[in-house]
Every structure is written in C-alpha cells, then in structure tokens.
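The values are calculated or read from the model by the stated rules, or taken from the named source; none is laboratory data. Because the structure is a prediction, the values reported are computed rather than measured. Glycine also receives a Cβ, built like all others from the backbone with ideal geometry; neighbour counts cover every protein chain displayed. For the accessible areas, the whole protein counts, side chains as well, though only heavy atoms, and no ligand, DNA or RNA atoms are used. Shrake-Rupley method; radii C 1.70, N 1.55, O 1.52, S 1.80 Å.
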Amino acid sequence: MLKIIHMNVNGKDQEVAIDVRESLADTLRNRLGLTSVKKGCEVGECGACTVLVDGVSVDSCIYLTIWAEGHKVLTVEGLKGENGGLTPIQQAFVDEAAVQCGFCTPGLILTAVELAGTGKTYTRDELRKLISGHLCRCTGYENILNAFEKIVGKK
C-alpha cells in the first residue's frame, strides 16, 4: 500500500510516495538519492544508517519512513560549514584521520552532531560508550575517539 508522506529532509520539505513498510534508509537512499545513509546490518546494530530525526539519532534501517511524517530528518548531505565548507565536526574527522574506508563515517558524524547539540562535554570513557552502537571494521576507534574529543570532549 502506497502512502504520501511529508517530512523535512536536510532543510527541504519533501513529499514522497512510500510503501508503508519501507524503512527510512530505503527512502533516503533509493527515493531521495542520499547515499551517505549506508545499509550495513539492516537490524539496527552497526550504526551505518544513523540519521537524526528531530535532532535524535535513529537507526534508519529499522525506522519506518511513515514514522518520519511531519518530522525533520538530517543526513550528512545536509551538513554545511561556513562558505559551504566542512563543519567543525567533519573537519575534526579529517584532522584526526578518523576516516578510513568511510562506510561508518556518516553515522558517526551524525552521532557527533547529536552530542554537540546537547551542549555537554564528555570524558573519553563516556564517548566510548556513546559510540558503542557504531561498528567500524577498519580501526581500533582511537582516531574516531580523538575526533569526538576534539568536538565534545572534556579539556
């Protein structure tokens, strides 16, 4: 059964016809062309599909698009720094070499955006727990934690 829904994606109002059983990850990737949203495990365990819905991280592979009706969705494509450049969070990932293959990076960056939005600072141990829902197959997470500390770590 198809249904037309309305949501704001990356600052733009969208009207999309979806199957009521469709995941937000499928809608974002296949209907809106937002390929930063990765499908890794498809059971909400790896974090590759993380997006923000009204500022809160969700695993879009297990979040139905119909639930996004009337909400604001943010993907990495919606991040913009000064003069169209990288945001400070994205730059921290570059500076700290926290990107290898890049598959997990968009989800981690959006989690960093969510944490930065809280206005809190976190210890390295707290950050380690907060990113535990993200699977990175390339690293020991040290550079990723360094990037997070640069943005929301306690000095």
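Would you mind telling me which numbered condition in (1) open to solvent by 50 Å² or more (accessible area, probe 1.4 Å); (2) of a type in the set (V, I, T); (3) assigned to a strand (DSSP E or B) I5 fails?
That leaves (1) as the condition not met.
Show the residue pairs meeting these rules: Cβ distance below 7 Å; 6+ apart or different chains; first residue within the range 79-104 and farther than 13 Å from F148 by Cβ; second residue hydroxyl-bearing (S, T, Y) and at pLDDT below 95.
Taking only residues 6 or more apart or on different chains, the pairs are Q100/T139.
Touching a residue at least 60 places away in the same chain (Cβ under 8 Å), farther than 12 Å from A92 by Cα, of a type outside the set (S, T, Y) and out of contact with any Ser or Thr (no Cβ under 7 Å at 6 or more places or on another chain): which single residue out of G117, G140 fits that description?
G117
Give the range 138-152 a look and list any residue that's at negative phi and either modelled with pLDDT of 90 or more or hydrophobic (A, V, I, L, M, F, W, C) (or both), or say none.
C138, E142, N143, I144, L145, N146, A147, F148, E149, K150, I151, V152
Confirm whether V16 is part of a strand (DSSP E or B), buried (at least 22 other Cβ atoms within 10 Å of the Cβ) and of a type outside the set (D, E).
In short, no.
Considering only the range 123-137, state which residues are open to solvent by less than 60 Å² (accessible area, probe 1.4 Å) and either within 19 Å of the chain's Cα centre (by Cα) or closer than 16 Å to S57 by Cα (or both).
Listed by number, the residues that qualify are L127, I131, G133, H134, C136.
Hey, T35 hits all of (1) in contact (Cβ under 8 Å) with a residue 12 or more places away in the chain; (2) in contact with a helix residue (DSSP H, G or I) (Cβ under 8 Å, 6 or more places away or on another chain) but one; which does it fall short on?
(1)
Checking the structure you have, find out if any residue of the range 33-43 is touching a strand residue (DSSP E or B) at 6+ places or on another chain (Cβ under 8 Å), in a loop (DSSP other than H, G, I, E, B) and closer than 18 Å to G78 by Cβ.
Checked against the condition, which is being touching a strand residue (DSSP E or B) at 6+ places or on another chain (Cβ under 8 Å), in a loop (DSSP other than H, G, I, E, B) and closer than 18 Å to G78 by Cβ, the range 33-43 yields at least one hit.
Out of the residues in the range 86-118 that are in contact with a helix residue (DSSP H, G or I) (Cβ under 9 Å, 6 or more places away or on another chain) and part of a loop (DSSP other than H, G, I, E, B), state the one that is modelled with the lowest pLDDT.
By that ranking, first place goes to Q100.
Please go through the range 67-85 and pick out each residue that is in a helix (DSSP H, G or I), modelled with pLDDT of 95 or more and among the charged types (D, E, K, R).
E77
Do you know which residues across the range 44-59 are of a type in the set (D, E, K, R), closer than 20 Å to R137 by Cβ and in a loop (DSSP other than H, G, I, E, B)?
E45
Pairs only if they're at least six apart or on different chains, beta carbon under 8 angstrom, first in the range 60-73 and small (G, A, S), second open to solvent by 50 Å² or more (accessible area, probe 1.4 Å); list them, first residue then second.
Note: pairs meeting the criteria are G70/H6.
Return yes when L64 is under 13 Å from S36 (Cβ atoms) and at pLDDT 95 or above and no when it is not.
In short, no.
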